[in-house]
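Remarks on the structure that follows.
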Amino acid sequence: MVIGRLADGILGSTERLAGAVTGTVSEAFFEPVVRLGVTGLAGAGKTVFITALVHNMMNRARMGQMQAVAGDRIAAAYLQPQPDDMLPRFDFETHLAALTATAPHWPESTRAVSELRLSFRLRPGGFFGPLTGSRVVHLDIIDYPGEWLLDLALMERSYRAWADDTLARIDTRACAQGFMERARAVDPDGPHDEPLAQDLAARFTAYLHAARRQGYADVTPGRFLLPGDLEGSPVLTFAPIPWARPSKRGTILREMERRFDAYKARVVQPFFRDHFARIDRQVVLVDALDAIHHGPEAVEMLGRTMTEVLAAFRPGRNAWLSRLLMGRRVERILFAATKADHLHHSQHPRLTALVEALLRQSRDRADFAGARTAAMSIAALRATVEETRRQGSESFDCVRGRLLDDGRQAAFYPGELPEDPMRLLSPWREQGARDWLDSDYRIMRFAPAALRLRPGEGLPHIRLDRAAEFLFGDRLT
Ligand SMILES: Nc1nc2c(ncn2[C@@H]2O[C@H](COP(=O)(O)OP(=O)(O)OP(=O)(O)O)[C@@H](O)[C@H]2O)c(=O)[nH]1
Ligand SMILES: [Mg+2]
């Protein structure tokens, strides 16, 4: 059966079933809700992860590692209207259609927060099961850019502290010079002038993008990189400028201060209060293979950015966040290296070990405030098959797939990851090495494979069922 048609059938019936099964919002009172946050830096694989997860929870033949699936506890899984009216809905149908088209393609980049509610009707289990009847559990999935977590560092700072600090840090960076020249020339006591503010903000944004490409982790304000519908608005039209005296009314310095405060109050705070603070379970997706491909410095920078991002999960270090959370905490955090279908499975433990090593720097300081954590390598959508090739007396564990660039089928040997992840971390730390010394790690972009799914089968994946079991399996039994 063609998956497009199969999926259509499922979707058509599920949203109808949703209404029939759960009826009104008031019933939600009796129905537990798990809020699952899905984050990661741009391109880490959030959209594909959510699409594949939802599809596989609705078509569970490939989810055997989940206890609730193995024990046949899930009677139905269906999409429902989400509880938050003000959040864009995660566009599951469009993303699924892209991945399951006759000529499948990857979904568009999303770059903003979105939400989807997947509900489960569970069969009664245990000794008293037959007496209790079925029950409903809701999984609210929230997709948000990891970059937004970087803004946490701004919340306890004044404009002055932030501007001073930022200018001192970026002063010598080559990619900041276009901005720095303009910033140095500004008279902070001069009258506020909108074209000047816009020019400063545009140059600062261009600097942030360049810094991000070069792997710098200190790229705040995060929303400058992913503005969504705030693009061009005054809350994103400010920049750090040098100052000597306290600001006076009507000056450009005063306006910059005011907009920085507005950014914190109107952009950062609502995100943390309305979305982040309500998350129960979290998956942080990491594209470690892409960093390895780019070399030692990129791996180091990925580690630093992750440390910054993960500060949000160690609220003890930030008084503002601790007050906001009021003792609430994320119960489980999964760190998942994505796109593991680029590697033969024999190398997956090494990829996982690298993610664990990258995390260790954050973990050593505080263990995520008591949350249970795990790391694994996954592919939300498996685009390759494994193949072992012989060349002379040597054999190579390859993966084969359709290349994204020209549609050709190709077998690909990505290079062998070292057993000790420090061999990936130390070349930059110890020698500032630009390239890998003894090996070469290549990466190829594969297109999603054309699929022939049998009824009940979700999208092919690697360890998505284990990831789901860790993240919310306990709430489905
Ligand atoms: N081979 C393979 N490639 C993947 C997988 N998941 C994601 N990709 C690749 O990574 C790209 C980005 O994936 P997305 O899911 O769009 O990433 P994202 O984190 O939502 O990206 P933004 O929305 O831009 O922040 C895709 O276009 C694919 O090329 C996977 O499981 N296997
Ligand atoms: Mg996305």
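The values are calculated or read from the model by the stated rules, or taken from the named source; none is laboratory data. Everything quoted here is computed from the prediction, not taken from an experiment. Here the Cβ is made from the backbone with ideal geometry for all residues, glycine too, and neighbour counts use every protein chain on show.
Contact map, the range 444-455: first residue surrounded by 15 or more Cβ atoms within 10 Å (Cβ to Cβ), second residue of a type in the set (Lys, Arg), Cβ cut-off under 6 Å, separation 6 or more or different chains; pairs are ALA447/ARG402. Residue check: SER119 meets all listed conditions (1) over 20 Å from VAL33 (Cβ atoms); (2) in contact with a strand residue (DSSP E or B) (Cβ under 7 Å, 6 or more places away or on another chain) but one, namely (1). Please verify whether the range 108-120 includes one or more residues that are of a type outside the set (S, T, N, Q), modelled with pLDDT under 95 and away from ligand 1 (no atom under 16 Å from the Cβ). No, the range 108-120 has no match at all.
Residues that are within 15 Å of ligand 2 (Cβ to nearest atom) and in contact with a Leu (Cβ under 9 Å, 6 or more places away or on another chain) number at least 3 in the following strands (runs of 3 or more DSSP E) confined to the range 67-149: 114-122, 135-143.
Sub-9 Å Cβ pairs linking a first residue in the range 287-299 that is farther than 20 Å from PHE49 by Cβ to a second residue that is of a type in the set (Asp, Glu) and part of a helix (DSSP H, G or I), at least 6 apart or interchain, are ALA298/ASP290, ordered by first then second residue.
One residue stands out among those in the range 383-415 that are touching a Ser or Thr at 6+ places or on another chain (Cβ under 8 Å) and hydroxyl-bearing (Ser, Thr, Tyr): the one that is nearest to ligand 2 (Cβ to nearest atom), which is THR388.
Count of the range 45-66 residues, restricted to those that are within 16 Å of ligand 2 (Cβ to nearest atom) and in a loop (DSSP other than H, G, I, E, B), is 1. Annotation note: of LEU359, LEU417, LEU354, LEU334, the sole residue that is touching a Pro at 6+ places or on another chain (Cβ under 8 Å) and buried (at least 18 other Cβ atoms within 10 Å of the Cβ) is LEU354.
Exposed (fewer than 13 other Cβ atoms within 10 Å of the Cβ) and either assigned by TED's automatic domain parsing to the domain that holds LEU285 or not in a loop (DSSP other than H, G, I, E, B) (or both), is that true of GLU430? Considered against the rule, which asks whether it is exposed (fewer than 13 other Cβ atoms within 10 Å of the Cβ) and either assigned by TED's automatic domain parsing to the domain that holds LEU285 or not in a loop (DSSP other than H, G, I, E, B) (or both), GLU430 comes out as yes. May I ask you to verify whether HIS192 is closer than 30 Å to HIS293 by Cα and surrounded by fewer than 19 Cβ atoms within 10 Å (Cβ to Cβ)? No: the conditions fail for HIS192. The listed residues are ALA98, ALA52, ALA77, and the only one of them that is modelled with pLDDT of 95 or more, under 19 Å from GLU469 (Cβ atoms), surrounded by 14 or more Cβ atoms within 10 Å (Cβ to Cβ) and within 16 Å of ligand 1 (Cβ to nearest atom) turns out to be ALA52. With respect to ALA42, is the statement that it is closer than 21 Å to PRO448 by Cα, within 16 Å of ligand 1 (Cβ to nearest atom), at pLDDT 50 or above and not in a helix (DSSP H, G or I) true? For ALA42, the condition - closer than 21 Å to PRO448 by Cα, within 16 Å of ligand 1 (Cβ to nearest atom), at pLDDT 50 or above and not in a helix (DSSP H, G or I) - is met. Among the candidates ALA375, ALA298, ALA311, ALA357, the residue that is outside any helix (DSSP H, G or I) and either among the polar types (S, T, N, Q) or at pLDDT below 95 (or both) is uniquely ALA375.
Whether a residue is at pLDDT below 95, in the same structural domain as SER233 (by TED's automatic domain parsing), exposed (fewer than 15 other Cβ atoms within 10 Å of the Cβ) and more than 20 Å from GLU257 (Cα to Cα) was assessed, and GLN177 does not pass this test.
Tell me, please, whether a residue that is acidic (Asp, Glu) and not assigned by TED's automatic domain parsing to the domain that holds ARG35 can be found in the range 331-352. Checked the range 331-352: no residue is acidic (Asp, Glu) and not assigned by TED's automatic domain parsing to the domain that holds ARG35. Residues of the range 75-109 that are over 19 Å from GLY37 (Cβ atoms) and aromatic (Phe, Trp, Tyr): TYR78, TRP106. Beta carbons closer than 9 Å, at least 6 apart along the sequence or on distinct chains, pair a first residue in the range 172-186 that is over 14 Å from LEU208 (Cα atoms) with a second that is among the charged types (D, E, K, R) and modelled with pLDDT of 95 or more for GLU181/ARG203; ARG182/ASP199; ARG182/ARG203; ALA183/ARG203.
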